[in-house]
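Below is one structure; the comments refer to it alone.
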Amino acid sequence: RTLAAVTGGGALAVALALSIGWLLARTLMKRQIAERRLLQLELAQAAQERTAAILESTTDGVFEVDRDWRIVFINQRARAVIAGGADASGRVLWDLLPEVTSTSFWSQYHRVATERVPVEFEEFYPALNTWFYVRAFPSGDGGIVVYFQDVTERREARDALAESESRYRFL
């Protein structure tokens, strides 16, 4: 009877030790998975911050809209040009710039969104009396990313040169 009690107690102790060991190993694995996930999230956040810093430092105006045309990113240059310096994040692009809907900006942006192809064009924007060189690309989430530059001075210089050349040829 004593042998059975010792054997049973020993078996119970071994089973208890194995159970505790299994629980500890499982907890350790869960912790390691959580730590790896946290590290991935921190790296992704750092990459987003680096990208935002780069886009803030460029001379291009840059903004991104989601599939519902809500602005999800806008750099300082773009805020200054199209939003009067205000942060337009979360606003619908067409509500911010209602006069755009009657221009080729609207049709080109919709082409990027529907056909998922990049476009590049130069267009006059009457509301600001400015020529813009625009590059727009589809983004991964169904929206689009737009890079633009004010090329009014370059355009005016090119037109003046063409006019001067035309007068020279006439003379």
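Hey, could you pull the Cα Rg and Dmax for the chain, both in Å?
30.6, 126
Expressed as a rounded percentage, what relative contact order does the chain have, with Cα pairs under 8 Å and six or more residues apart?
Normalised by residue count, the contact order of the chain is 16 percent.
Apply the Karplus parameterisation 6.51 cos²θ - 1.76 cosθ + 1.60, with θ equal to phi minus 60°, to every residue of region 97-102 and state each ³J(HN,Hα) to the nearest whole Hz, in sequence, with x for glycine and proline.
10, x, 6, 5, 4, 9
Where nothing but the Cβ of Lys and Arg (+1) and of Asp and Glu (-1) is charged, how large is the charge dipole of the chain around its Cα centre, in debye to the nearest 20?
1260
Given H placed 1.01 Å from N in the peptide plane, which residues other than close sequence neighbours of V151 have an amide H under 5 Å from its amide H?
For V151, whose amide H was placed from the backbone, the distant partners under 5 Å are W131, F132, Y133.
Roughly how many debye, to the nearest 20, is the charge dipole of region 33-103 about its Cα centre, given +1 on each Lys and Arg Cβ, -1 on each Asp and Glu Cβ, and no other charges?
100
Where only protein heavy atoms count, and the probe is 1.4 Å, what is the accessible area per residue for region 1-123 in Å²?
Normalised by residue count, the accessible surface of region 1-123 is 69 Å².
Can you sort D66, D95, D141 by 1.4 Å-probe accessible area, starting with the largest?
D95, D141, D66
With all protein chains present, how much of the accessible area of the chain (probe radius 1.4 Å) comes from carbon and sulfur, to the nearest whole percent?
Whole-percent figure for carbon plus sulfur exposure: 59.
Among Y125, L96, L28, which residue has its Cα positioned farthest towards the positive end of the charge dipole of the chain, with +1 placed on the Cβ of Lys and Arg, -1 on the Cβ of Asp and Glu, and the dipole taken about the Cα centre?
Of the options given, the answer is L28.
In whole Å, what are the extents of region 1-86 along the principal axes defined by its C-alpha atoms, from largest to smallest?
The Cα atoms of region 1-86 stretch 91, 26, 17 Å along the principal axes, largest first.
The values are calculated or read from the model by the stated rules, or taken from the named source; none is laboratory data. Source: prediction; values computed, not measured. Every residue, glycine as well, gets a Cβ built from its backbone with ideal geometry; the counts of neighbours run over all protein chains shown. Accessible surface is based on the protein model in full, side chains and every heavy atom, while ligands, DNA and RNA are left aside. Shrake-Rupley method; radii C 1.70, N 1.55, O 1.52, S 1.80 Å.
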